[in-house]
Every structure is written in structure tokens, then in C-alpha cells.
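These notes are about the structure you will find just below.
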Amino acid sequence: MIVLRLRGRRVVGGYAEGRALVSRHPLSFYGGVDPETGVVVERGHDLEGARISGVILVFPRGKGSTVGSYTLYQMGRLGTAPGAIINRETEIIIATGCALAGIPLMDRLERDPVEAIGTGDYVRVYADRGEVEIEKKNG
């Protein structure tokens with residue numbers, strides 16, 4: 001088994017582990033994700049139809065309306081939120097939503113997370129320590 005350990009910046013502390021779901025595209029939580037089901041509904045998005053609840057969600061950055069912060073908060077209350085989020089570079093919408101919902105959030109990893117982490121890899125996010133541990137699915 002191949003295990004990668006990468007350091008990065010803690011944006012919102014906490015711990016989470018689970019299977020990764022990776023997108024190469026920015027994601028909007030307002031209008032792009034159904035907060036009641038945790039399913040990506042944005043037409044044409046590479047994760048369209050995928051359920052993000054409980055996964056370690058990896059994507060470049062957020063996009064869209066500041067209402068996306070509240071959507072993340074709502075998902076946290078409904079139990080449909082990702083277990084953790086890892087971005088290339090986090091912007092304020094995702095940071096605020098994760099802080100409100102208590103979702104561990106990291107960015108600025110030593111390697112591009114969109115490239116280093118694959119969908120299905122098992123990921124442990126130690127946000128308080130600024131570390132991510134990745135067990136490669138095919139390793």
C-alpha cells in the first residue's frame with residue numbers, strides 16, 4: 001500500500017477520514033449542490049449526480065454566491081455535508097461555510113491535491129496538525 005503524507009494549511013481545524021471524491025472543477029454550493037440530499041446538481045459539472053455526504057471532498061476552489069456558506073452550514077445541520085474539504089486554494093465562501101458547519105478544511109498542500117489524491121483513495125485529514133494522509137486506492 002502506498003501512503004502519502006502531505007502538509008498544508010489548516011483553514012478549519014478538526015479530523016475526518018473517508019474515501020476521497022475529487023473534482024478538477026470549482027464547485028458552487030449554492031445551486032450546485034442539493035443540501036437536503038448532498039448530491040451535486042450543477043449541470044455539466046464532473047461530479048454531477050455524485051453524493052458528497054461524508055466523503056473527503058477535493059476540488060480546486062469554490063465559486064458562486066456567498067449563500068454557498070449558508071448552504072454548507074445547512075448541510076452540516078442536516079448531516080449531508082462532506083466529512084472534510086481539501087482545496088488548492090480556499091476562498092471565503094468555502095472557509096466561512098466550513099467554519100459555521102464544523103467541517104475540517106485544508107488547502108495549500110505541498111502537492112496539488114487535485115493531482116495527488118484520486119477518487120476512491122482513503123484519506124485522513126488532521127487539519128489541526130496541517131497534515132493529510134492518503135492511502136492510494138491502487139497502491
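Please tell me if residue 79 is over 17 Å from residue 23 (Cα atoms) and over 13 Å from the mean Cα position of the chain (by Cα). Reasoning before the result, please.
Working: over 17 Å from residue 23 (Cα atoms): yes; over 13 Å from the mean Cα position of the chain (by Cα): yes.
In short, yes.
Being of a type outside the set (D, E, K, R) and either without any contact (Cβ under 8 Å) to a residue 24 or more places away in the chain or within 18 Å of residue 39 (Cβ to Cβ) (or both): is that true of residue 80 here? Let's see the steps before the verdict.
Values: of a type outside the set (D, E, K, R): yes; either without any contact (Cβ under 8 Å) to a residue 24 or more places away in the chain or within 18 Å of residue 39 (Cβ to Cβ) (or both): yes.
Here the answer is yes, as residue 80 does meet what is asked.
Hey, any hits in the stretch 18-28 for a residue that's among the β-branched types (Val, Ile, Thr), within 18 Å of residue 121 (Cβ to Cβ) and surrounded by 21 or more Cβ atoms within 10 Å (Cβ to Cβ)? Reasoning before the result, please.
Step one: list which residues in the stretch 18-28 are among the β-branched types (Val, Ile, Thr), which gives 22.
From what is left, the residues that are within 18 Å of residue 121 (Cβ to Cβ) are 22.
Add one more test, that the residue is surrounded by 21 or more Cβ atoms within 10 Å (Cβ to Cβ), and what stays is 22.
Scanning the stretch 18-28, I find at least one residue that is among the β-branched types (Val, Ile, Thr), within 18 Å of residue 121 (Cβ to Cβ) and surrounded by 21 or more Cβ atoms within 10 Å (Cβ to Cβ), so the answer is yes.
The conditions are (1) closer than 15 Å to residue 113 by Cβ; (2) assigned to a strand (DSSP E or B), and residue 17 fails exactly one of them. Which is it?
With respect to (1) closer than 15 Å to residue 113 by Cβ; (2) assigned to a strand (DSSP E or B), residue 17 is out only on (1).
Which numbered condition trips up residue 37, out of (1) of a type in the set (Val, Ile, Thr); (2) more than 19 Å from residue 8 (Cα to Cα); (3) crowded, with 18+ Cβ neighbours inside 10 Å?
It is condition (3) that residue 37 fails.
Hey, among 43, 19, 108, which residue is of a type in the set (Lys, Arg) and without any contact (Cβ under 8 Å) to a residue 40 or more places away in the chain? Walk me through it before giving the result.
Working: 19 fails: without any contact (Cβ under 8 Å) to a residue 40 or more places away in the chain; 108 fails: without any contact (Cβ under 8 Å) to a residue 40 or more places away in the chain.
Step by step, each of 43, 19, 108 is checked, and only 43 is of a type in the set (Lys, Arg) and without any contact (Cβ under 8 Å) to a residue 40 or more places away in the chain.
So in the stretch 39-73, with the set limited to residues that are small (Gly, Ala, Ser) and farther than 20 Å from residue 90 by Cα, which one is farthest from the chain's Cα centre (by Cα)?
44
If a residue must be in a loop (DSSP other than H, G, I, E, B), more than 14 Å from residue 75 (Cα to Cα) and in contact (Cβ under 8 Å) with a residue 24 or more places away in the chain, how many such residues does the stretch 46-57 contain? Please lay out each step first, then the result.
Step one: of the stretch 46-57, the residues in a loop (DSSP other than H, G, I, E, B) are 46-50, 52-55.
Imposing the further condition that a residue be more than 14 Å from residue 75 (Cα to Cα) reduces the set to 46-50.
Now restrict to residues that are in contact (Cβ under 8 Å) with a residue 24 or more places away in the chain: 47, 50.
Counting residues in the stretch 46-57 that are in a loop (DSSP other than H, G, I, E, B), more than 14 Å from residue 75 (Cα to Cα) and in contact (Cβ under 8 Å) with a residue 24 or more places away in the chain gives 2.
Looking at the stretch 58-88, which of its residues are surrounded by fewer than 17 Cβ atoms within 10 Å (Cβ to Cβ) and either assigned to a helix (DSSP H, G or I) or of a type in the set (Ser, Thr, Tyr) (or both)?
Hits for the stretch 58-88 are 65, 66, 67, 77, 78.
Laboratory data are not the source of any read-out in this text; all were calculated from the coordinates shown. Since the model is a prediction, treat every value here as computed from it, not as a measurement. Every residue, glycine among them, receives a Cβ derived from its backbone with ideal geometry; neighbour counts consider all protein chains shown.
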